[in-house]
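No lab work stands behind these numbers, since they all come straight from the coordinates. Everything quoted here is computed from the prediction, not taken from an experiment. Here the Cβ is made from the backbone with ideal geometry for all residues, glycine too, and neighbour counts use every protein chain on show.
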């Protein structure tokens, strides 16, 4: 391997590590991991499934779920489309993208900082990050966005002929793909490519020969792709921008103060790597601060939006690893060992707990229901849980009715969603929704928080508790510690 890549043994080790990482993930993180990717892909390939309101309003683009649709199509082609394979294979693909991101962190650091030692440490920092372990192999647009950004930057800052058309076209193309996957990555490219444009001797050629052609092609592909799958003319990127930026309607899903990323988001996501990153920023030569500027701009833009989530900061983890690696390479051997041991000791328990234990019940219950369906014991399922608490057909590959509470947003101030109506009076909602016994589902899934309130009604409706799955040690207002399955006696 050349000096911009680790040894072949290290490459193999990273790939194996991320494959294992993908295999051991047993927990649920956020709905988008399934509902904006795998469920869409399942409907595209197999013709049945549920689409959330975003897909009816044309806010989401199809570039991201098409990756998993390809995986599903191959599984279908070879007759391997079991529920297990549909849930596992996309995550395995994302594990490989995570490995590529780790390796490109090494390449980026080696080229950008011109230090193989810093590159080795940067890759170690990437591999030891608890949030990277927890999030990168998931089928989230944020994880794929992070990988594509890292790949692009590793090419951009290590090419021996940065001004060559080939390098620029490759970087612009991958960068454009990252924007199609998640438009927020445009912030990164405005800073990186904008800085290059300012320094370019022939700005007009750079714009006409590179920026404009790639932008036009990407826009055409985006519109053509989305319009084809939506069955009508749709500009999903523009709709996404209007909804989240111009109208800031993401606030319908929760709001946070402007400083949330600084006070909570980044400290949690970066964890023990945060002080190493900041120390690296302080010690790095001033000409190597562009990636830090990128990070700052990314945080500022996201801070201006009312709705904030931890996962939105995932693309910054590889960049933080670059500076953390630089700092680790500047300290003495004894302190390096101390830092490495500390990273492993503090990150491993958190990574293991969040990836194998915390919020695992909503995946366990889908495996159970799938087994029940294979035995012919499932006619329909009702999920009386907060919206999108479980995946659906991507983990339950049977064309059987799976009903969940609807929580589509509305601008009507007097609108009360189905989920709020249910939690306002669960017994009355069930009696009104299922007034005839023949309409009752064969299985009902709830959190333990509702058990006492509903157990009399379940007994009257001839349901009995059949399974209980541990979910979390930290219950919330509507999320309990266990997931419970009830089944009708007549089934």
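Helix 333-356: angle to the longest alpha-carbon principal axis of the chain, degrees 0 to 90, nearest 10?
Value to nearest ten degrees: 20.
Classify region 361-488 as rounded, prolate or oblate from the Cα gyration tensor: take a ≥ b ≥ c as the square roots of its eigenvalues, call it rounded if a/c is under 1.5, otherwise prolate when a/b beats b/c and oblate if not.
Numbers: a/c = 1.34, a/b = 1.24, b/c = 1.08.
Rounded is the answer for region 361-488, as its axis ratio a/c remains below 1.5.
Can you tell me the relative contact order of region 349-465? Whole percent, Cα pairs under 8 Å, sequence separation 6 or more.
27 percent.
I need the shape label for region 285-394. Rule: rounded when a/c is under 1.5, else prolate if a/b > b/c, else oblate, with a, b, c from the alpha carbon gyration tensor.
Oblate shape, in that a/c is at least 1.5 and b/c is the bigger or equal ratio.
Between residue 23 and residue 439, how many nm apart are label points set 7 Å from Cα along the C-beta direction?
Result: 4.7 nm between the two label points.
Using Cα atoms only, what is the angle between the long axis of helix 116-128 and the major principal axis of the chain, expressed in degrees (0 to 90) to the nearest 10?
Helix 116-128 sits at roughly 10 degrees to that axis.
In degrees, nearest 10, range 0 to 90: what is the angle between the Cα axis of helix 317-330 and the longest Cα principal axis of the chain?
For helix 317-330, the angle is close to 50 degrees.
Please report the Cα spread of the chain along all three principal axes, rounded to whole Å, starting with the longest.
76, 55, 49
Is the C-alpha gyration tensor of region 148-307 telling us rounded, prolate or oblate? Criteria: a/c under 1.5 is rounded; beyond that, a/b larger than b/c is prolate, otherwise oblate.
On the way: a/c = 2.22, a/b = 1.04, b/c = 2.13.
Judged from the Cα gyration tensor, region 148-307 comes out oblate (a/c at least 1.5, b/c at or above a/b).
If one computes the Cα centroid of region 366-436 and of region 96-171, what distance in Å separates the two points?
A separation of 40 Å, based on Cα centres.
What is the Cα centroid distance between region 1-36 and region 347-363, reported in whole angstrom?
After rounding, the separation between the Cα centres reads 16 Å.
Just from its helices, what would the mean residue ellipticity at 222 nm be for the chain, if runs of 4 or more DSSP H residues each count -39500 (n - 2.57) and the sum is divided by every residue, rounded to the nearest 500 deg cm²/dmol?
My calculation for the chain gives -18000 deg cm²/dmol from helical runs alone.
Over what distance in Å are the Cα centres of region 48-66 and region 265-309 separated?
After rounding, the separation between the Cα centres reads 31 Å.
Give me the number: length gained by fully extending residue 173 to residue 51, i.e. 0.36 nm times residue separation minus the C-alpha to C-alpha distance, one decimal in nm.
41.0 nm
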